[in-house]
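**Q** Take a look at the following structure, please.
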Ligand SMILES: N[C@@H](CCC(=O)N[C@@H](CS)C(=O)NCC(=O)O)C(=O)O
């Protein structure tokens with residue numbers, strides 16, 4: 001059994017997509033990040049970055065006690081290795097899948113995240129910041145589009161690289177992007193969207209999300225953090 005500490009955001013969806021694809025038994029423990037549940041001491045023991053997702057594998061392969069994993073990229077790699085699925089085992093296939101996974105973790109995720117922040121949530125609109133991240137997201141979509149021009153999936157065969165990238169393309173309109181400008185990305189996006197496991201993952205999220213817009217109080221919790229923030233709330 002996998003315990004998944006989760007909230008329905010792009011990084012959370014990556015893990016429900018994997019778990020729905022592979023059929024491992026899992027239980028969702030909602031971490032309402034707008035209410036500050038990522039600062040609870042019990043959560044910080046397994047998620048020291050006060051961010052979800054985090055998993056706890058109750059039956060790790062070494063036969064030892066429960067094992068926690070934080071960081072969505074590390075979780076995807078862990079689950080792929082545990083199940084032997086969605087990560088090629090040959091050296092070249094594995095390199096391709098991991099390079100695109102890290103590309104998402106270090107590029108598309110953080111840049112699109114800043115794009116969301118400055119376009120949607122910042123209390124004042126700073127045109128330079130909005131422009132910077134909309135353009136950088138656009139550049140990254142272009143990189144993905146070129147890769148998908150001659151690969152069915154991001155790393156060739158369907159893999160954890162697709163599961164990492166897709167949730168960050170779902171909010172493309174909020175990111176100021178038009179999928180018609182990226183035909184290969186659009187073809188891949190539609191094929192990802194039509195996978196039953198992906199649909200189930202998003203349905204799980206809908207069941208947990210109580211409202212789409214964030215209150216001012218929730219914004220304060222999320223966007224004013226420093227090294228002093230944390231501990232019990
Ligand atoms: N690099 C981390 C990022 C995780 C992350 O930023 N999670 C966000 C939601 S997508 C979160 O938990 N935010 C809580 C907060 O900002 O306090 C990962 O990929 O797991």
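Derivation of every value follows stated rules applied to the coordinates shown; laboratory data play no part. This one's a predicted model, so the numbers in the text were calculated from it and none came from an experiment. Backbone-built Cβ (ideal geometry, glycine too); neighbour counts: all protein chains shown.
**Q** Okay, helix-only estimate at 222 nm for the chain: each DSSP H run of n ≥ 4 adds -39500 (n - 2.57), divide by all residues, round to 500 deg cm²/dmol; what do you get? Kindly include the intermediate steps, with their values, before the conclusion.
**A** Numbers: 10 runs with 117 residues, N = 233.
Only helices count here, giving -15500 deg cm²/dmol.
**Q** Determine the relative contact order of segment 33-78: mean sequence separation of Cα pairs under 8 Å and six or more apart, normalised by residue count, in whole percent.
**A** About 28 percent, as a whole number.
**Q** Next question, about the same structure. Would you mind giving the three semi-axes, in whole Å and largest first, of the ellipsoid equivalent to the chain according to its Cα gyration tensor? Walk me through the intermediate numbers first.
**A** On the way: eigenvalues 136, 133, 45 Å².
For the chain, the ellipsoid semi-axes come out as 26, 26, 15 Å.
**Q** At a Förster distance of 22 Å, what's the computed FRET efficiency of residue 62 paired with residue 42, Cβ-Cβ distance as r, to 0.05? Display every interim value, and only then the final one.
**A** Values: r = 24 Å, r/R0 = 1.08.
Rounded to the nearest 0.05, the efficiency is 0.40.
**Q** Let me ask you something else. What percent do you get for the relative contact order of segment 91-194 when only Cα pairs under 8 Å and 6+ apart count?
**A** Details: 91 pairs, mean separation 36.3, N = 104.
Normalised by residue count, the contact order of segment 91-194 is 35 percent.
**Q** What FRET efficiency comes out for the pair residue 195/residue 146, r = Cβ-Cβ distance, R0 = 25 Å, nearest 0.05?
**A** Efficiency for this residue pair is about 0.65.
**Q** Another question, then. So if I take the centroid of the Cα atoms in segment 49-68 and the same for segment 3-38, what is the distance between those two points in Å?
**A** 13 Å
**Q** With a 10 Å cut-off between alpha carbons and a GNM built on the chain, which of 181, 42, 62 moves the most?
**A** 62
**Q** Can you compute the modelled spin-label distance between residue 128 and residue 29, with each label point 7 Å from Cα toward Cβ, in nm?
**A** 4.3 nm
**Q** What is the extension gain from residue 91 to residue 178, computed as 0.36 nm multiplied by their sequence separation minus the C-alpha to C-alpha distance, in nm to one decimal?
**A** Between residue 91 and residue 178, full extension yields 27.8 nm more.
**Q** Given a 10 angstrom Cα cut-off, can you work out which residue in 147, 104, 120 is the most mobile in a GNM of the chain?
**A** 120
**Q** Express the relative contact order of the chain as a whole percentage, based on alpha carbon pairs under 8 Å and six or more residues apart in sequence.
**A** Once divided by the residue count of the chain, the mean separation gives 27 percent.
**Q** Looking at the chain as a GNM with Cα springs under 10 Å, which of 47, 64, 142 has the largest mean-square fluctuation?
**A** Residue with maximal mean-square fluctuation among 47, 64, 142: 64.
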